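A.B. asks: First the structure, which I've put down as structure tokens, then a few questions once you've had a look.
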Amino acid sequence: LKVGTAFEDDVAVGSMISEEQVQRVEGFLERAKGEGAEVVTGGETLGTSGYHFKPTLVANPSQDSETVQREVFGPVVHLIRYRAADLEDLPRRINAAGYGLTFGIHSRIQASIDLVARELAVGNVYVNRNMIGAVVGAQPFGGEGLSGTGPKAGGPRYLHRFATERTLTIDTTAAGGNASLLSLNEEAVG
């Protein structure tokens with residue numbers, strides 16, 4: 001994936017928000033490696049202007065470590081392998097972290113897919129595909145818990161989150177109006 005500025009058409013990964021955020025991601029990766037995780041690819045800044053960080057894959061982190069229990073705001077993906085015997089407990093452990101934006105599973109076993117999709121408290125479950133690129137209006141995107149609440153971007157109730165309903169009620173009798181006019185039905189008026 002090409003990393004660079006958003007002004008370039010062929011860039012897939014833009015810059016991070018600040019130097020402080022880059023340092024947080026670097027610190028996260030150091031903690032993950034200290035806990036036995038392997039940085040398979042990426043994990044470093046680029047020598048360009050701006051806050052560019054190579055897309056990073058972290059494999060086999062401890063599922064109970066802080067590095068898996070917190071969100072990482074950077075181009076970092078965790079790859080967690082699990083034993084088939086542990087699958088039924090996996091959604092509970094993931095849900096306990098409180099985050100629930102996106103989850104991806106690669107499996108040919110439909111029962112495993114069904115279990116994960118049913119039990120995980122996440123906004124999106126992607127099966128046997130990449131986990132990015134939701135098209136607004138066609139594929140709603142949003143999370144649950146600490147990863148977002150409310151309507152999903154592009155979902156059927158998305159527009160409502162930007163609206164505020166207001167009601168104006170006027171007592172016409174206070175201004176000398178004829179309140180009986182408000183109770184007339186169409187037949188009486190016509």
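The values are calculated or read from the model by the stated rules, or taken from the named source; none is laboratory data. Quantities reported herein were computed from a predicted structural model and do not represent experimental measurements. A quick note on method: Cβ atoms are made from the backbone with ideal geometry, for glycine too, and the neighbour counts reach across all protein chains shown. To get the accessible areas, we keep the full protein, side chains included, count just its heavy atoms, and leave off ligands, DNA and RNA. Shrake-Rupley method; radii C 1.70, N 1.55, O 1.52, S 1.80 Å.
A.B. asks: Within the stretch 120-153, can you find the residues that are open to solvent by 50 Å² or more (accessible area, probe 1.4 Å), modelled with pLDDT of 80 or more and over 12 Å from the mean Cα position of the chain (by Cα)?
C.D. replies: 127, 128, 129, 130, listed by residue number.
A.B. asks: In the stretch 6-26, which residues are over 23 Å from the mean Cα position of the chain (by Cα) and closer than 22 Å to residue 131 by Cα?
C.D. replies: Across the stretch 6-26, the qualifying residues are 9, 10.
A.B. asks: Being of a type in the set (Ser, Thr, Tyr) and at pLDDT below 90 is the filter here; which residues of the stretch 91-119 pass it?
C.D. replies: Selection gives 99, 102.
Results for (1) of a type in the set (Lys, Arg); (2) touching an Asp or Glu at 6+ places or on another chain (Cβ under 6 Å); (3) part of a strand (DSSP E or B); (4) at pLDDT below 85, shown as yes or no for each residue.
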| residue | (1), (2), (3), (4) |
| --- | --- |
| 48 | no, no, no, yes |
| 57 | no, no, yes, no |
| 68 | no, no, no, yes |
| 82 | no, no, no, yes |
| 86 | no, no, no, no |
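A.B. asks: With open to solvent by less than 60 Å² (accessible area, probe 1.4 Å) and under 22 Å from residue 128 (Cβ atoms) as the only criterion, which of 29, 90, 46 stands out?
C.D. replies: It is 90.
A.B. asks: Between 51, 82, which is aromatic (Phe, Trp, Tyr) and loosely packed, with under 15 Cβ neighbours inside 10 Å?
C.D. replies: Among 51, 82, only 82 is aromatic (Phe, Trp, Tyr) and loosely packed, with under 15 Cβ neighbours inside 10 Å.
A.B. asks: Further question on the same structure: All but one of (1) in contact (Cβ under 8 Å) with a residue 24 or more places away in the chain; (2) in contact with a Leu (Cβ under 6 Å, 6 or more places away or on another chain); (3) over 22 Å from residue 142 (Cα atoms) hold for residue 59, so report the exception by its number.
C.D. replies: (1)
A.B. asks: Here is a follow-up. Looking at (1) β-branched (Val, Ile, Thr); (2) in contact with a strand residue (DSSP E or B) (Cβ under 6 Å, 6 or more places away or on another chain); (3) open to solvent by 20 Å² or more (accessible area, probe 1.4 Å), can you tell me which one residue 116 breaks?
C.D. replies: Status for residue 116: all satisfied but (3).
A.B. asks: Next up: I'm checking my understanding of the structure. Among residues of the stretch 34-49 that are under 25 Å from the mean Cα position of the chain (by Cα) and not hydrophobic (A, V, I, L, M, F, W, C), which one is farthest from residue 11 (Cα to Cα)? Spell out how you get there, then give the answer.
C.D. replies: At the first step, the residues of the stretch 34-49 found to be under 25 Å from the mean Cα position of the chain (by Cα) are 37-45.
Add one more test, that the residue is not hydrophobic (A, V, I, L, M, F, W, C), and what stays is 38, 41-45.
Details: 38: 26, 41: 18, 42: 16, 43: 18, 44: 17, 45: 16 Å.
By that ranking, first place goes to 38.
A.B. asks: Determine the pairs where a residue that is over 16 Å from residue 90 (Cβ atoms), located within the stretch 107-129, has a partner that is assigned to a loop (DSSP other than H, G, I, E, B) and charged (D, E, K, R) with Cβ atoms under 9 Å apart, the partner being 6 or more residues away or on another chain.
C.D. replies: As it stands, the answer is 123/152; 124/152; 128/108, since those pairs meet every condition given.
A.B. asks: Let me ask something else about it. Determine whether residue 35 is free of Cβ contacts under 8 Å to residues at least 40 places away in the same chain, among the acidic types (Asp, Glu) and out of contact with any strand residue (DSSP E or B) (no Cβ under 8 Å at 6 or more places or on another chain).
C.D. replies: Yes; evaluated as a whole, the condition is true for this residue.
A.B. asks: Moving on. Which of the residues that make up the stretch 88-115 are assigned to a strand (DSSP E or B) and touching an Asp or Glu at 6+ places or on another chain (Cβ under 9 Å)?
C.D. replies: 99, 100
A.B. asks: Looking at the stretch 154-164, is at least one residue at pLDDT 70 or above and within 30 Å of residue 79 (Cα to Cα)?
C.D. replies: Within the stretch 154-164, not a single residue is at pLDDT 70 or above and within 30 Å of residue 79 (Cα to Cα).
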